[in-house]
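Below is one structure, written out as structure tokens; comments come after it.
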Amino acid sequence: MDPSIPVRALHVLGVVLWIGGVAWQARGTTLLVGATGFHLTAARDLWTRFGSPGYWWMHWLLLTISLVTLAGAIAGAHGWVF
């Protein structure tokens, strides 16, 4: 069995819970998704894709997720609840 299968499963589960989660759950799933995404990128040595124009969507995905996480952190720090 490919050793990255359990990590992929955790990554997908984290994304699903993050999208449909509540504030306390979003904190943990944000860390889970970030850690598993980093692990998958490092384990498969996909860093060169960030320099390839054909994988432009990876930049947009990383930027979008970073902005959503930052907005959630700012909202949480101010006590805003959605």
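A short reminder: the numbers here are calculations on the coordinates, not readings from a lab. Note that the structure is a prediction, hence the values are computed from the model and not measured. A quick note on method: Cβ atoms are made from the backbone with ideal geometry, for glycine too, and the neighbour counts reach across all protein chains shown.
Being surrounded by 12 or more Cβ atoms within 10 Å (Cβ to Cβ) and free of Cβ contacts under 8 Å to residues at least 60 places away in the same chain: is that true of residue 11 here? Considered against the rule, which asks whether it is surrounded by 12 or more Cβ atoms within 10 Å (Cβ to Cβ) and free of Cβ contacts under 8 Å to residues at least 60 places away in the same chain, residue 11 comes out as yes. The C-beta contact set for the range 63-77 (first residue in contact (Cβ under 8 Å) with a residue 12 or more places away in the chain and under 18 Å from residue 35 (Cα atoms), second residue of a type outside the set (D, E, K, R) and surrounded by 11 or more Cβ atoms within 10 Å (Cβ to Cβ), distance under 6 angstrom, 6+ apart or interchain) comprises 69/30.
Here is a yes/no grid of residues against (1) out of contact with any helix residue (DSSP H, G or I) (no Cβ under 9 Å at 6 or more places or on another chain); (2) surrounded by 12 or more Cβ atoms within 10 Å (Cβ to Cβ):
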site: 47; (1), (2): no, no
site: 56; (1), (2): yes, no
site: 60; (1), (2): yes, no
site: 69; (1), (2): no, yes
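Apart from one condition, residue 56 fits all of (1) within 14 Å of the chain's Cα centre (by Cα); (2) over 24 Å from residue 9 (Cβ atoms); the exception is (1).
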